[in-house]
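The values are calculated or read from the model by the stated rules, or taken from the named source; none is laboratory data. It should be emphasised that the depicted structure is a prediction, and the values quoted were computed from it without experimental measurement. We place every Cβ from the backbone using ideal geometry, glycine too, and count neighbours over all the protein chains shown.
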Amino acid sequence: MNSKTVNIIGAGPAGLVAAINLAKNNYKVTVHEMKKNVGMRFNGDFQGIDNWSTHEDAQEFLESIGVSINFRFAPYSNGEYFDASAKKYQIKTSRPLFYLIERGTNEWSLDQGLKRQALEVGVHIKWNSRLTKVPDGQVIIGTGPKAADAIAKGIVFETTLENYYAGFLDDDMAPQAYAYLLVHEGRATFATCLFKSFSNAQECFERALKRLHETVDIDINNPKEFGGYANFFFNKALTKDNRIYYVGENAGFQDALWGFGMRYAMHSGYLAAQSIIEGSSYPDLCKTHIQPKMEIGLINRWMFTRLGNNGYKKVLKIVSEKEDLTPIMVKKHTHYGIGNRILLPFVKLWFRPRLKDKQCMHKNCSCLWCKHGKHDVLEAEIDY
């Protein structure tokens, strides 16, 4: 097989970013997507690309990984947050807190935008292509989350409310997580997220919806339900046999604190492509650019689970008194001080993902899903 041929399994953000960068460097790229279009596990819901976790703006980040903004990408700054007693807090930032994007099959979704960019640079996408074996040669696997460490239950709807966002912290409706409202140009997404008590998702959503009506003057028209889930884990082999690369949530790359994982997904796709182009170590690149952020996120998640409703209230009061929350947020998500280094081993022992990875990691084997009856990771090149 031509050494400049790469197969990619999965047409999510990680796989497509990898494909775009490889094709720009004259690689022949084929993306295998099991569905008939990209973004089909989403429902046109709004999400956010965080702009608080690094010093560089998310626009600069996208440019640095070879992605053009040909999709909905709207800056959102000062918003409102509510504690468990429905008290409102205003948050002020000097730059956008996040950029609103859309997921799904609509024309201006992130998924469709990345697909267009891939096709424009010559990437071949094979639709309805469900593989059972890993192809020969260099392969990038980005098949998305495989288990739920956090879930979201919500609705998308039409509204007359102007562009707006709000967050809600209350363990009775979003256990160890948050509920959120995103409104943009006459459409809106409202959902509650859960990091535990998944069986109570419907009850939690009903409580969250009641709180929304109590706190925000909003009309809800033509609502449609949707759900989502996120998967994050450590101790994942990122490469196999020096030719297979795992990216995105398939590799466990996700934000453990808030579930804002799109930066991780796209960055890992870019790093996998750069590893192939430059002949550098993908695990080493991830150790440098992604692993520290994931570890800080995990520590922040551990701290967040200890707050409870009284703690949320205190934190909201403190941050609402700041004239600019941006530098505080960036420091909290980037500073790897001695305290974090001491905490990390204990936090890793505390964290238990819901997934036992069943991808085949046996050396010199082309199984995509393990058929050997043993699912432990073998011959790992990286051990977080």
Report task. Considering only region 128-170, state which residues are among the β-branched types (Val, Ile, Thr) and in contact with an Asp or Glu (Cβ under 8 Å, 6 or more places away or on another chain). Result -> Ile155, Val156, Thr159, Thr160
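Okay, residues lined up against (1) touching a Phe, Trp or Tyr at 6+ places or on another chain (Cβ under 6 Å); (2) modelled with pLDDT of 90 or more; (3) closer than 30 Å to Asp172 by Cα; (4) assigned by TED's automatic domain parsing to the domain that holds Lys196:
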residue: Glu295; (1), (2), (3), (4): no, yes, yes, no
residue: Asp324; (1), (2), (3), (4): no, yes, yes, no
residue: Pro327; (1), (2), (3), (4): no, yes, no, no
residue: Met361; (1), (2), (3), (4): no, no, no, no
residue: His375; (1), (2), (3), (4): no, no, no, no
Report summary line: If you go through Ala58, Ala14, the only one that is hydrophobic (A, V, I, L, M, F, W, C), in the same structural domain as Gly122 (by TED's automatic domain parsing) and within 19 Å of the chain's Cα centre (by Cα) is Ala14
Query raised in the report: Condition test on Leu209, is it surrounded by fewer than 21 Cβ atoms within 10 Å (Cβ to Cβ) and of a type in the set (A, V, I, L, M)?
Result: yes
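Only one of these is at pLDDT 95 or above, part of a loop (DSSP other than H, G, I, E, B) and crowded, with 16+ Cβ neighbours inside 10 Å: Thr192, Thr105, Thr160. Name it.
Answer to the check: Thr105.
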Query raised in the report: Among the residues of region 19-34, is any among the basic types (Lys, Arg), at pLDDT 95 or above and either surrounded by fewer than 20 Cβ atoms within 10 Å (Cβ to Cβ) or in the same structural domain as Thr326 (by TED's automatic domain parsing) (or both)?
Result: yes
**Report entry** Condition broken by Val139, with the remaining ones in (1) modelled with pLDDT under 95; (2) crowded, with 18+ Cβ neighbours inside 10 Å satisfied
**Finding:** (1)
Query raised in the report: Does Gly122 meet the test of being assigned to a loop (DSSP other than H, G, I, E, B), in the same structural domain as Ala19 (by TED's automatic domain parsing), touching a residue at least 40 places away in the same chain (Cβ under 8 Å) and under 17 Å from Asn21 (Cα atoms)?
Result: yes
Query raised in the report: Looking at Leu298, Leu316, which one is touching a strand residue (DSSP E or B) at 6+ places or on another chain (Cβ under 7 Å) and closer than 26 Å to Leu97 by Cβ?
Result: Leu316
Report summary line: Flagged in region 57-84 as part of a loop (DSSP other than H, G, I, E, B) and either within 29 Å of Gly311 (Cα to Cα) or of a type outside the set (A, V, I, L, M, F, W, C) (or both), in numbering order, are Asp57, Gly66, Ser68, Asn70, Arg72, Ser77, Asn78, Asp83, Ala84
Query raised in the report: Considering Arg301, Arg263, which residue is among the basic types (Lys, Arg), under 21 Å from Ile9 (Cα atoms) and either within 16 Å of the chain's Cα centre (by Cα) or part of a helix (DSSP H, G or I) (or both)?
Result: Arg263
Query raised in the report: How many residues are surrounded by fewer than 12 Cβ atoms within 10 Å (Cβ to Cβ), assigned to a helix (DSSP H, G or I) and not aromatic (Phe, Trp, Tyr) when one looks only at region 332-357?
Result: 6
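Taking the criterion of being under 17 Å from the mean Cα position of the chain (by Cα), part of a loop (DSSP other than H, G, I, E, B) and more than 24 Å from Tyr282 (Cβ to Cβ), would at least one residue in region 85-95 satisfy it?
Within region 85-95, not a single residue is under 17 Å from the mean Cα position of the chain (by Cα), part of a loop (DSSP other than H, G, I, E, B) and more than 24 Å from Tyr282 (Cβ to Cβ).
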Query raised in the report: Residues in region 25-36: is at least one polar (S, T, N, Q) and within 30 Å of Gly186 (Cα to Cα)?
Result: no
Requested in this report: Could you grab me the full set of residues in region 131-162 that are among the charged types (D, E, K, R) and closer than 13 Å to Thr30 by Cα?
Outcome: Asp136
**Report entry** One residue from Leu169, Leu194, Leu161 being within 19 Å of the chain's Cα centre (by Cα) and in contact (Cβ under 8 Å) with a residue 12 or more places away in the chain
**Finding:** Leu194
